[in-house]
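The values are calculated or read from the model by the stated rules, or taken from the named source; none is laboratory data. These numbers were taken from a predicted model, which means no experiment stands behind them. Cβ placement follows ideal geometry from the backbone for every residue including glycine, while neighbour counts extend to all protein chains displayed.
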């Protein structure tokens, strides 16, 4: 697609993020009904009832600007996490915080180290700022931390680590991560993207990253309310970091970047422990079901610590994906990540998981 003549030349290298079509449009286009979306790693159970009630109550105030400092959410979250309120930055989803880090630190020719494959936003944000991507391939779907360490150079400004990773689903255990962080020079910022933290923390060797903050002033930990808390549509995430890094990120943060409804919903969601527990139980049960059924189909599954699974179909996934769409089941084909034989499927409700397996069996027979 042609750029405006006076646009920054480096934008020509940026690969636009490709969103999926709305469910209603897919139903119209394919002539199907009751489509289920298992492509975006959303909470299949929906948002907390307490969050929904808080949003309804706050609707009368939407003519007002939101609190630019997220005062009440900041205070509650700081207590919840056991950190100082001054160590928090809030974003329009954790995606925005990842962009803030790149915007604040990376300029022309600066190097950013990331895994391959990994979350696409790291690459897009780096290219927008004219930074240089240094990709380190994963090994057996695990981060190659030694390889990433070896790529550190005088031009390195930033290292992205998604833990667990999207789209892979695996995580880096505590000891491996700690060893890596000790080896990174303090002038290089390391971002730990923990969007799937709530799902992964049940693993005994999953890192307690907030404990690392006192040891590593170059560390930024990002989390979100989009996944386990079911607030994807409201867009609210947060970063925890040293005060100097927080001040730096606030320099590139727009005023009022987290909307009013997102703030009240996140505040209420934090207090609904029962809904979070129910969500985690549903994901655990659904994950076990998918492991069992996909194994019966002789398909390779990457063991995941998240609410999604990466599945190798052993053939070009594009045709299978299209066949699933015609059956009213939306998953994510992984060609954009260089994984042409893979799909990523979000763990849904019991009936959604069962419908996906039935549709997949038929799709595999047809392709």
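Brief remarks on what is shown
- The sole residue among 279, 304 that is closer than 30 Å to residue 80 by Cβ, assigned to a loop (DSSP other than H, G, I, E, B) and assigned by TED's automatic domain parsing to the domain that holds residue 41 is 304.
- Residue match in segment 232-239 (condition: surrounded by 19 or more Cβ atoms within 10 Å (Cβ to Cβ), within 21 Å of the chain's Cα centre (by Cα) and assigned to a helix (DSSP H, G or I)): no
- All of 357, 330 fail the test of being in contact (Cβ under 8 Å) with a residue 24 or more places away in the chain, surrounded by 15 or more Cβ atoms within 10 Å (Cβ to Cβ) and more than 19 Å from residue 292 (Cα to Cα), apart from 330.
- Of everything listed in (1) more than 18 Å from the chain's Cα centre (by Cα); (2) under 18 Å from residue 13 (Cβ atoms), the single unmet condition for residue 123 is (1).
- Selection count where residues are in contact with a helix residue (DSSP H, G or I) (Cβ under 7 Å, 6 or more places away or on another chain) and either outside the structural domain of residue 101 (by TED's automatic domain parsing) or surrounded by 17 or more Cβ atoms within 10 Å (Cβ to Cβ) (or both), scope segment 137-162: 5
- Count of segment 173-202 residues which are under 17 Å from residue 310 (Cα atoms) and either assigned by TED's automatic domain parsing to the domain that holds residue 291 or not in a helix (DSSP H, G or I) (or both): 2
- Consider segment 55-83 and keep the residues that are closer than 22 Å to residue 244 by Cβ and in contact (Cβ under 8 Å) with a residue 24 or more places away in the chain. The one that is surrounded by the most Cβ atoms within 10 Å (Cβ to Cβ) is 70.
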